[in-house]
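Scroll down for the structure; my scribbles are underneath it.
The values are calculated or read from the model by the stated rules, or taken from the named source; none is laboratory data. Predicted model only: the values in this text are computed from it and were never measured. When we count neighbours, we look across all protein chains shown, and the Cβ atoms used for this are built from the backbone with ideal geometry, even at glycine. SASA here: full protein model, heavy atoms, side chains in, ligands and nucleic acids out. Shrake-Rupley method; radii C 1.70, N 1.55, O 1.52, S 1.80 Å.
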Amino acid sequence: MKLFTFLFSLLTITITAQNNKKYDTFFEKGNGNQSASYQETIAYWKMLANDFPTIQIKEMGLTDSGEPLHMITFNPDKEFDFDKIQETKAVLFVNNGIHAGEPDGIDATMQFYRDLVTGKMKAPKNTVLVTIPVYNIGGALNRNSTTRANQDGPEIYGFRGNARNYDLNRDMMKSDTRNTKSFIEIFQKINADVFIDNHVSNGSDYQYKLTYIMTEHNKLGKVLGDFMNNEMMPALVKDLQKKKIETTPYVDSFKDTPDKGFGQFVDSPRYTTGYTSLFNTIGFVVETHMLKKYAERVKMTYEYMKSTLDFTDSNYQKLKDLRVKNLEQYQPKKSYTLKWELDSTKATTFSFLGYEAGYKKSEATTGNRLYYDRTKPYKKDVPYIKEFKSAKEVVIPTAYIIPRGYWNIIELLKNNNISLKQIKNDTIIEVESYRIADFKTVPSAYEGHYLHRNTTVTSKIIKMAFAKGDYIIPTNQKGVKYLLEAFEPEGVDSFFNWNFFDPILQQKEHYSEYIFEDTAGQLLKENPSLKAELEAKKQNDSAFATNAEAQLDWIYKHSVYYEKAHMQYPVYRLL
Ligand SMILES: [Zn+2]
């Protein structure tokens, strides 16, 4: 009997060991410097979902690669209906491989879920986990060993650009890719309370293995931003310290080396965390340090996710309540900040673990080169700016009105879960109307666009005829911040700046000078105040006074012949 029990125990141990081996990830089976391919990653997730009913794998729309995007949910209660999940639990959302050359999260998240389902890690009571296993699938299929020129491992990895060479971490507002549309569908469906985007850093050398970007707290909104900045982030940092992991905010240096100071990174809405912030979701970007060993980086990513899950689980109700309260701050007639700047009057210091840096003669070029001396680590208080100040504000309108012809924008709004209604009959409505006064354009192509910046508008109140079927988009809804960032032309990542409205920048009709000369002469005769205005301009502008062509154009632009659509922003504000 005893022998039988002994043999039985031995058999059980062997089976368990085999089972444990079964769930080893590709990274764990390798030499510590190897990352799973896209195919290996999906096969692993399918196996987990097949073996554990607490995990669900689902296809959620296409990506530019032609492959579908997967969403993987872990809920110990085996409930996967998010309407029901919202009622009782928080949702932590993890995105991996947006830059496929930075695969730490891809490998770490497989370990993370595996440890939760096998009981190695205690399953959360109040939090459901959702992950995109590989977001940039096109990039992940484009494997190589060289494009991360400054990164120490893994041996083979994907490429930063997606299947159509877009950087997906600049695409959140313009949504050029199918990846982004599918990401947004997932994000809107799960209504994540906390979001993590896993990356690997570039830039200077220092002692930290783990750096992080906390989404800009001022922009997130006072209620939720204060909680994240004053309670959640310090708690995460402390919890990581308990695990002997030192962290720093992402090192966005003011000058060549971090000891001269750095500031909090500005994650405008083109970035994933800048986008999730618009829906009152707390967001972090994990940036492991590129010169640390791959196995250490995967471990750092894992531990950051664990600390965040623990905090979310303990504070889930508070998080959910504060998200609701945060939204209440954005009411019509209140002011909304479109542009934030680092506030140098609130500069502080950060106790930084760096390496001494110096310059020496380059062996490759004729210049001097920067180097970091790892034999000379330091701990120094360096200048640090975390606080932002408002640099441009607008008043939140009651609604925006957009002609139904802008079907591309209507589709995008629907993708973003925005509620719209259509005007029932042709009608005249008093609205605030913008004209584009000025803007600059980047000189080279940027993410498939020629992005505008420094845009300014002039505004006036007009009575405007709208047609049956035009769309009214009330701002009294969850996506109010998204609407403001998209529709206010002066916003950094506005639809205007991303070229959605470029056709209004080009005049469609013109005149022949020899014909319009007669009309212009007649106009001035009939309209003495126009003539007086023209004379005044000639007095004040000597170049204009000698430029006959410019004078004729001025008269044209001050006449009824000049088309109304030129520079007229076609989205109107209902105040
Ligand atoms: Zn990255």
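Structure values in brief
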item	result
Local electrostatic count, residue 420, Cβ distance below 15 Å [Lys/Arg +1, Asp/Glu -1]	+4
Local electrostatic count at residue 42 - Lys and Arg +1, Asp and Glu -1, tallied over other residues with Cβ under 12 Å	-2
Rounded to 10°, Cα long-axis angle of helix 38-51 versus longest principal axis of the chain	60 degrees
Sites residue 552 and residue 335, calculated FRET efficiency, Cβ-Cβ separation with R0 41 Å, nearest 0.05	0.45
Inter-label distance, nm, simple model (7 Å from Cα along the C-beta direction), residue 78/residue 522	8.4 nm
Cross-link table 84/424; 299/325; 389/481; 174/468, entries beyond 24 Å C-alpha to C-alpha	84/424; 299/325; 174/468
Apportionment of accessible area to carbon and sulfur, the stretch 316-381, percent (1.4 Å)	51 percent
All lysines inside 24 Å of residue 531 as judged from Cα atoms, apart from same-chain residues fewer than 8 positions distant	557, 564
Per residue accessible area of the stretch 271-323, 1.4 Å probe, in Å²	24 Å²
The stretch 444-546, relative contact order [Cα under 8 Å, separation at least 6], %	21 percent
HN-Hα J in Hz across the stretch 509-514 - Karplus 6.51, -1.76, 1.60, θ = phi - 60°, x for Gly and Pro	10, 9, 9, 8, 4, 5
Solvent-accessible area per residue, Å², over the stretch 398-575 with all protein chains present [probe radius 1.4 Å]	54 Å²
Within the accessible area of the stretch 402-549 (1.4 Å probe), percent carbon and sulfur	50 percent
Top positive-direction residue, dipole computed over the chain with Cβ charges, set 348, 150, 483	348
Prolate/oblate/rounded call for the stretch 116-189, Cα gyration tensor, a/c under 1.5 rounded	oblate
In nm, spacing of pseudo-spin labels at residue 46 and residue 395 (7 Å Cα→C-beta vector)	5.8 nm
Degrees separating the helix 233-242 axis from the principal Cα axis of the chain, which is the longest one	20 degrees
Expected 222 nm ellipticity per residue - DSSP helices of 4 or more, -39500 (n - 2.57), all of the chain, to 500	-10000 deg cm²/dmol
Pairs of Cα atoms farther than 30 Å apart, the chain, %	59 percent
Set of aspartates and glutamates near residue 376 by C-alpha distance (under 15 Å), chain-local residues within fewer than 8 positions excluded	205, 259, 356
Estimated inter-spin distance, residue 463 and residue 440, nm [label 7 Å along Cα→Cβ]	4.2 nm
Efficiency of FRET from Cβ geometry, residue 365 and residue 86, R₀ 41 Å, rounded to 0.05	0.10
Cα gyration tensor, the stretch 260-363 - rounded (a/c under 1.5), prolate or oblate	oblate
Carbon + sulfur, % of accessible area of the stretch 46-154 - ligands and nucleic acids excluded, 1.4 Å	45 percent
Cα gyration tensor, the stretch 317-440 - rounded (a/c under 1.5), prolate or oblate	prolate
Estimated FRET transfer efficiency (residue 536, residue 414; beta-carbon r; R0 51 Å; 0.05)	0.55
Magnitude of the charge dipole, the chain, Cβ model with Lys/Arg +1 and Asp/Glu -1, debye to 20	1520 debye
Per-residue ³J(HN,Hα) for the stretch 65-78, Karplus 6.51 cos²θ - 1.76 cosθ + 1.60, θ = phi - 60°, Hz, x for Gly and Pro	6, x, 8, x, 7, 9, 10, 10, 10, 10, 9, x, 8, 6
Linear extension gain, residue 345 paired with residue 242, 0.36 nm per residue minus alpha-carbon span	33.8 nm
Spatial separation of Cα centroids for the stretch 472-523 and the stretch 389-441, in angstrom	11 Å
Solvent-accessible heavy-atom area per residue, rounded to whole Å², over the stretch 45-203 at 1.4 Å	33 Å²
Amide H contacts under 5 Å for residue 378, placed H, 5+ residues apart	354, 355, 356
Within-10-Å neighbourhood charge of residue 101 [Cβ basis; K, R +1; D, E -1]	+2
Mean shadow area of the stretch 73-163 over all directions, Cα convex hull, nm²	7.0 nm²
Segment residue 575-residue 561, extension gain: residue separation times 0.36 nm, minus the distance between their alpha carbons	2.0 nm
Sequence of 524, 309 from largest to smallest accessible area, 1.4 Å probe	524, 309
Long-range amide H partners of residue 464 with built H, under 5 Å	429, 430, 431
Folded to 0 to 90 degrees: helix 294-314 orientation relative to the chain principal axis, Cα	80 degrees
Rh (Kirkwood; distinct C-alpha pairs) - the stretch 398-575, Å	18.7 Å
Residue among 560, 96, 177 farthest towards the positive dipole end of the chain, charges placed on Cβ	96
